[in-house]
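Notes for the one structure printed next.
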Amino acid sequence: MADLRHNFVGIKSPNPFWLASAPPTDKEYNVVRAFKAGWGGAVWKTLGLDPHIVNVGGPRYGAIWGADRRLLGLNNIELITDRPLDVNLQEIKSVKKAWPDRALVTSLMVPCEEPCWEGILRQVEDTECDGVELNFGCPHGMSERGMGAAVGQVPEYIEMVTRWCKDKTRMPVIVKLTPNITDVRYPARAAKAGGADAVSLINTISSIISVDLDQFAPEPTIDGKGTHGGYCGPAVKPIALNMVASIARDAETAGLPISGIGGVTTWRDAAEFLTLGAENVQVCTAAMTYGFKIIEELVEGLEQWMDNAGHPDLDSIHGRALPNVTEWQYLNLNYTAKARIDQDSCIKCGRCHIACEDTSHQAITNMVDGERRFEVIDEECVGCNLCVNVCPVESCITMERLPAGDLDKRTGKDVSPDYGNWTMHPNNPMRDAAE
Amino acid sequence: MVDRYLEDGVIEGRLDSDLYEQNFADAHPPLDPHEALVAADRCYFCYDAPCVTACPTAIDIPKFIRQISTGNLEGSARTIFDQNILGGMCARVCPTETLCEQACVRETAEGQPVQIGLLQRHATDHAMKNNLQFYDPAEDTGKTIAVIGAGPAGLACAHRLAMKGHKVVIHDANPKAGGLNEYGIATYKSVDQFAQHEVDYVTAIGGISIVNDSRLGDNLTIDGLLDEHHAVFLGIGLGGVNALGAETDSDDISVNAVDFIAELRQAEDFAKVAVGRRVMVIGGGMTAIDVGTQARLLGAQDVTIAYRRGRDNMNASSAEQDQSSAKGVNIRHWMQPVEVTKSGSGSLNVKMEFTTLSEGKLTGTGKFETVEVDQLFTAIGQTLAAGEAIGSIAVEHGRIRVDETFRTSNPSVWAGGDCVAGGDDLTVTAVAQGRDAAEAIHAALVT
């Protein structure tokens, strides 16, 4: 069986699945239930200074759904913990004592003043938890008070606060980054410059999830008004994967440990984060949707895949996809693929045809010899993959590579055996400059 | 269980009274809003959707289902009624398993089609319960049309004519409008007086009047109607029944299944409908299934449907056959009655001969079995009963001959529904033909 034991900046856990700092980790009761279920670690919901903040008394969440009301994206306007600091600290201490083999990290958010950070770090150290995560990410409620994303959007502040924290504590310091910026490498570089042991990302994305058309008000609606919230869940995974990969690939931050967050719902999602450079993952929305029991599927699924593929431990998959992440101009333009429709598994819904006919390249038939039949017209197919993505039957349509030397009926030319990218392409006006 | 359950003879009140209510409840209860959303989510919104092609009225099914899934029930109902103003009844009685749902790609994919019929009912029920009317008559054309028969074909024709601005007078032979929807559909397929509600809903557009107890041939003639109206539409169905092809010692030895179904539909108290303990039904269509199943539901202990050919030859769909079997009806194939005699006790001895195919032709085997029953139903097809009443209008294969616009050999007379040749005896087909005949009449009158 694959070894899922994990060591993240010195913090050990039996598996790489931690619960993210969020409602599921706000209380001892919840965290103990999670550890009983099998979660490898938890980042305690963000602590602030007393007097503790208050939350709205109305709805805190909104959502978007797929078919059969499957939750795809969740938006929240909840703030950091709304319980007294002492209560949280006592519970953190109690949980760590009872569960020494699990990772327990405390998330923090206090004003950008050195004594504030020094004071709370001393209190957190007393709990004997494993580390701290600096919440520079929350996009709502706290950022307007100069905290959360307001810090995460200014690399100089990130560096400054990170340095304060590293100076004041022996504990590992993880800096949690906001995606609400144009280039996530800058805050990551700042965290590293400040001495961070690791970064974690992404926090939630600023969003209005929906509008109540009767009240003409954003949802969730509080007494007729709404505000932007933080967006998370399966829908944000692609954004998170890209940000994780771009930090992992950046020369300035290469080697900086990353805790991957954003829409992890299945073991496969987690594996994708790990191969793009995350060392572990943090999960929230999936647990809030299905409960803590999903940890069984996450752990067993990852183990099974690793066993089947012959990956003995997490190190052997960490960052394995990074060498294959490149810039567009380095993609091989001589690579040629055509869609192929397996007629045996085709159910004849015609979605591939209409998608291609209305919105793309008119490369799929709807009728052959008077029969309803969907076939690819190689003369028109550019290999775009839209048909694959709209087909309701998995693996019914596949993209098949044309071997070198075969005729591409669309271009009328044979497929070149050579690698040729945009920087070498005759149509590229910058080509000469590059040479 | 009451004692009467085991009594021989054709008697009333075989069951406890509360059992009747249970037995004749809605066969396919409506979807609740959540169920409808789950069912609607399964639709793939196919291109040139096979379900639409399979629907005789060509309802835009993917569109109306998408409208359900986006919370637009009103728009969904309109999409249905645009093509089929009797979409409510069709949602109840269509053999969807051989039409739209058979064609559904999810039937191909996983053997579980989208529940199109129930979704159609969900949308149309919403509109009809709230009496949402979507159509107004066009400006009065000054033309009037007589429609004979207030069944599915006649109602669909009348509604489309009214939309076009024509005035319509419907004559119907029965005391109530609705035709087979009112008199011919199994009771559990159309509960709570739905057929009458639908007549009211359809005629609410205005410009349509209905004259009941007015039969073609009695006081009405086609020539007389054409004196008063600009056109006539015949939606007269099939009033006659085929005779039992067996030797009998009296004429009233068997019961016409069509009459029995009508009696049951009109019954105010099911306990007052007499049924035998041992019942045999001769036939293989939907009528045979409906009468056999309902005989069981009335308390018949032993019901056999005897059909002279095999299961696949039956006009009743396999789903209908299965539902009937599930109610305890015994369907026997490859046998036909040759002689029926009455015993001293009043029971009937039905001598059946087993049949087979010989060089593609149905023949007797010379092997016999005699079955003793209390009641014998015939459900062996219907015939055009109008006879002389339709005058010189041409008939082929026993039904009225029409062209592709449903015009008869009399250029001022159109026809549709079961009475015309070439149909499939379905409610939904009658609706399609009535609607299309109305378009043809309109085109002929205003151009």
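Looking at the structure I just gave you, is A:GLU297 of a type in the set (Asp, Glu) and more than 15 Å from the chain's Cα centre (by Cα)?
So A:GLU297 fits the description; yes.
Working only within region B:75-90, note down all residues that are under 22 Å from B:ALA437 (Cα atoms) and either outside any loop (DSSP other than H, G, I, E, B) or among the basic types (Lys, Arg) (or both).
Hits for region B:75-90 are B:ARG78, B:THR79, B:ILE80, B:PHE81, B:ASP82, B:GLN83, B:GLY87, B:GLY88, B:MET89, B:CYS90.
Do we have any residue at all in region A:83-95 that's under 27 Å from the mean Cα position of the chain (by Cα) and not aliphatic (A, V, I, L, M)?
No, region A:83-95 contains no residue that is under 27 Å from the mean Cα position of the chain (by Cα) and not aliphatic (A, V, I, L, M).
Restricting the first residue to region B:387-415 and requiring it to be surrounded by fewer than 16 Cβ atoms within 10 Å (Cβ to Cβ), which pairs with a second residue that is among the small types (Gly, Ala, Ser) and outside any loop (DSSP other than H, G, I, E, B) meet a Cβ separation below 6 Å and a spacing of at least six or different chains?
B:THR405/B:ALA440
For region A:386-396, what are the residues that are more than 12 Å from chain B (Cβ to nearest Cβ) and exposed (fewer than 13 other Cβ atoms within 10 Å of the Cβ)?
A:ASN389, A:SER395
So, in region B:14-60, of the ones that are among the β-branched types (Val, Ile, Thr) and in a helix (DSSP H, G or I), which residue ends up nearest to the other protein chains (Cβ to nearest Cβ)?
By that ranking, first place goes to B:VAL38.
Only one of A:MET399, A:MET430, A:MET367 is surrounded by fewer than 18 Cβ atoms within 10 Å (Cβ to Cβ) and at pLDDT below 95. Can you tell me which?
Selected residue: A:MET430, the only one of A:MET399, A:MET430, A:MET367 that is surrounded by fewer than 18 Cβ atoms within 10 Å (Cβ to Cβ) and at pLDDT below 95.
Results for (1) among the basic types (Lys, Arg); (2) in a loop (DSSP other than H, G, I, E, B); (3) closer than 24 Å to B:ASP16 by Cβ; (4) free of Cβ contacts under 8 Å to residues at least 24 places away in the same chain, shown as yes or no for each residue.
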site: B:ILE289; (1), (2), (3), (4): no, no, no, no
site: B:THR293; (1), (2), (3), (4): no, no, yes, no
site: B:ARG296; (1), (2), (3), (4): yes, no, yes, no
site: B:GLU320; (1), (2), (3), (4): no, no, no, no
site: B:GLN323; (1), (2), (3), (4): no, no, yes, no
site: B:VAL340; (1), (2), (3), (4): no, no, no, no
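From the list A:VAL393, A:VAL382, A:VAL415, which residue is closer than 23 Å to A:ASP344 by Cα and of a type in the set (Val, Ile, Thr)?
A:VAL393
Select from region B:298-318 the residues that are more than 28 Å from B:THR356 (Cα to Cα) and either in contact with a Gly (Cβ under 7 Å, 6 or more places away or on another chain) or assigned to a helix (DSSP H, G or I) (or both) and list them in ascending order.
B:ALA300
Any chance you could count how many residues in region A:365-375 are within 22 Å of B:PRO62 (Cα to Cα) and either assigned to a loop (DSSP other than H, G, I, E, B) or within 10 Å of chain B (Cβ to nearest Cβ) (or both)?
Total satisfying the criteria: 6.
Does B:GLY434 satisfy the condition of being in contact with a strand residue (DSSP E or B) (Cβ under 9 Å, 6 or more places away or on another chain), in contact (Cβ under 8 Å) with a residue 60 or more places away in the chain and either small (Gly, Ala, Ser) or crowded, with 22+ Cβ neighbours inside 10 Å (or both)?
Yes; evaluated as a whole, the condition is true for this residue.
When the residues of region B:2-13 are narrowed to those that are out of contact with any helix residue (DSSP H, G or I) (no Cβ under 6 Å at 6 or more places or on another chain), on the phi < 0 side of the Ramachandran plot and not in a helix (DSSP H, G or I), which ends up farthest from the other protein chains (Cβ to nearest Cβ)?
B:ASP8
Looking only at region A:318-364, filter to residues that are of a type in the set (Val, Ile, Thr) and surrounded by 17 or more Cβ atoms within 10 Å (Cβ to Cβ); which one of those is farthest from the other protein chains (Cβ to nearest Cβ)?
Ranking the qualifying residues of region A:318-364, first place goes to A:THR336.
Would you mind stating whether B:THR70 is of a type in the set (Ser, Thr, Tyr) and more than 14 Å from chain A (Cβ to nearest Cβ)?
no
Does region A:291-313 contain any residue that is of a type in the set (Gly, Ala, Ser), closer than 16 Å to A:LEU201 by Cβ and modelled with pLDDT of 95 or more?
No, the conditions are met nowhere in region A:291-313.
Just to confirm my filter: which helices (runs of 4 or more DSSP H) fall fully inside region B:91-202 and include at least 1 residues that are crowded, with 21+ Cβ neighbours inside 10 Å, modelled with pLDDT of 95 or more and within 14 Å of chain A (Cβ to nearest Cβ)?
B:100-103, B:105-110
Quick one: which helices (runs of 4 or more DSSP H) lie wholly within region A:128-219 and hold at least 2 residues that are out of contact with any Phe, Trp or Tyr (no Cβ under 8 Å at 6 or more places or on another chain) and under 30 Å from A:GLN90 (Cα atoms)?
Counting at least 2 such residues, we get A:155-168.
Kindly provide the set of residues from region A:215-240 that are hydrophobic (A, V, I, L, M, F, W, C), touching a strand residue (DSSP E or B) at 6+ places or on another chain (Cβ under 8 Å) and over 16 Å from A:TYR186 (Cα atoms), ordered by number.
Matches in region A:215-240: A:ALA217, A:CYS232, A:ALA235, A:VAL236, A:ILE239.
For region B:399-447, which positions are within 23 Å of B:GLU97 (Cα to Cα) and of a type in the set (A, V, I, L, M, F, W, C)?
Within region B:399-447, B:LEU426, B:VAL428, B:ALA430, B:VAL431, B:ALA432 qualify.
Identify all residues within region A:150-182 that are surrounded by fewer than 24 Cβ atoms within 10 Å (Cβ to Cβ) and free of Cβ contacts under 8 Å to residues at least 40 places away in the same chain; write none if there are none.
Result: A:ALA150, A:GLN153, A:VAL154, A:PRO155, A:GLU156, A:GLU159, A:ARG163, A:LYS166, A:ASP167, A:ILE181, A:THR182.
The values are calculated or read from the model by the stated rules, or taken from the named source; none is laboratory data. It should be emphasised that the depicted structure is a prediction, and the values quoted were computed from it without experimental measurement. All Cβ positions, glycine included, derive from the backbone under ideal geometry; neighbour counts span all protein chains shown.
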